[in-house]
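Trainee: Got a structure for you, questions after.
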Amino acid sequence: MDAHRRRAAQLATTAVVSLPLLAACSGERESADPPGSAPSSRSTSAAPSPSPSEEPTPEATSEPTEPPDPISVAALADAELTGGGLRLGAVRERTSAYTSYDVTFASTTSGNGSAPLRISGVLNVPTWRGPQGDQGWPAVVLAHGYIDPAYYVRGQGMTRERGFLAERGYVALHVDYRNHAESTDDPRVETAVRLGYSADVIAAVHALTGSRDVRVDPDRIALFGRSMGSGVVLKALEAEPGLVAAGVAWASVSSLEGQNFDHFQRPDAPVAQLRAGFRGRHGLPDDDPEFWRGVSSRPAFDEITEPVLLAHGRFDDTCPPRWARATQRALTDAGVDSTLEWYDDTHAFGPAFIAAMDRTVRFLDARMPA
C-alpha cells in the first residue's frame, strides 16, 4: 500500500474537527456557500429480517451516475495523477544549511490521451544532519502565485519560503507548473482553467517519494501555496485526499473561481470581448455558473482530509481579506481542521514574513513530527 493510501486509511479512523482563472469582487458581502452535501452517516446495526409472511422488498436500482464535466475538480479527482523521474540538474546555490538544484520530473494524467509532461523546478535539500527521522527528510512542495508565463523564470515566486524551510530541515520542492520556465507547454491549460497546475503539484509529491537521490519520508510531506498557488493547493488536496500530511495557503485567491475571474480579468476587457474569447470553450460566470462552480475548490471542501493553515494580510488589496474569511468558514463547515492567521501586512508578506513563516513551520512540525 503506497504512502498516501496508508495516510488516507489512518485519517479515516479519526474524525476531523473543527484556498486558474482568477470572480466577482462586488460590494456585496461574500457568502460562504455550502461546500457540498455533508457525508452521510452509516448505521452499523443490521437490518431486521422480514418475517416469513412478508415478501422481501425489491432493492431499489440506482441510476447510473453521470460522469463529471471533463473540466472540473471532480474529473481531476477521478483521473489517475502520477509523477516520477525526479532528476537533479545543475547546482544553483550552496549554503551552510542546504544545496539548491535545478530539477525536472514527469507529470502524468492517465486517461486523457496526453503524453507525460516534463515539469521543471528548484529543489532545496538540507545539508545538516538534523532530525530527518528513520524514513528520511520531511518535505514541502511549493505552489507559486500568478506570474505571466512569458516572463516567469525557473523557481520564481517562493524563493524566500524555499530557503527558510530548507534552513529548518525541510526538503523544499518549488514547482514551475506546465507552460512555465523549462516545463512542457500544454495547449489546453487555459481551456482547463489551469487545473493542470494542481496535477503538477500532485506529481511533484509522487516524484519526491519515488526519488533515489533525495531521501524523503512519504508520510511527512506537505503542500504550501501562495496567492493563485493556494487555490492550486486546495484543489490538489481535494483531488488526492490522504496524499500529504497538511496544507498551507498564504494570501489565497477566492475558493470560488467565478469571483476570481470577475476580480482579476473582467475589469481588463469588455464583456463582449471576453465572451468571444471563451466561445467554443465555456461561458462566463454569469452565463454558466455550474461550470464555474465545478472548477472551484469550495464545493468540494468535504473531500479534504488534511489540516489546513491559512495566512492572510489584513491590508491585502490583491486578494481581499473577506475571501480568506469565507474560505475558512466553508472549510470549517465542511469538517476540515482549518486555522486562519491574520498579519498586519499586504499581499506580498513583507514585514510579517518571518512571523508568518515561523507560524507555518510550527504548524508543519506539529503535524509531521520526526
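Residue-wise test of (1) crowded, with 20+ Cβ neighbours inside 10 Å; (2) outside any loop (DSSP other than H, G, I, E, B); (3) in contact with a Pro (Cβ under 8 Å, 6 or more places away or on another chain).
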position: GLN135; (1), (2), (3): no, no, yes
position: ALA139; (1), (2), (3): yes, yes, no
position: LEU142; (1), (2), (3): yes, yes, no
position: ALA150; (1), (2), (3): no, no, no
position: THR184; (1), (2), (3): no, no, no
position: ARG188; (1), (2), (3): no, no, no
position: GLY196; (1), (2), (3): yes, yes, no
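Trainee: Within segment 156-182, can you find the residues that are in a loop (DSSP other than H, G, I, E, B) and among the hydroxyl-bearing types (Ser, Thr, Tyr)?
Mentor: Residues satisfying the conditions are TYR170, TYR177.
Trainee: While we're here: Which one of the conditions (1) more than 16 Å from LEU123 (Cβ to Cβ); (2) among the hydroxyl-bearing types (Ser, Thr, Tyr); (3) not in a helix (DSSP H, G or I) does SER211 fail to meet, given that it meets all the rest?
Mentor: Tallying (1) more than 16 Å from LEU123 (Cβ to Cβ); (2) among the hydroxyl-bearing types (Ser, Thr, Tyr); (3) not in a helix (DSSP H, G or I), SER211 fails exactly one: (1).
Trainee: Another one. Taking GLY89, is it on the phi > 0 side of the Ramachandran plot, at pLDDT 95 or above and not in a loop (DSSP other than H, G, I, E, B)?
Mentor: Taking the combined requirement at face value, the residue does not satisfy it.
The values are calculated or read from the model by the stated rules, or taken from the named source; none is laboratory data. If you're wondering where the values come from, they're calculated on a predicted model, not measured in any experiment. For neighbour counting, all protein chains shown are included, and Cβ atoms are generated from backbone atoms with ideal geometry for every residue, glycine included.
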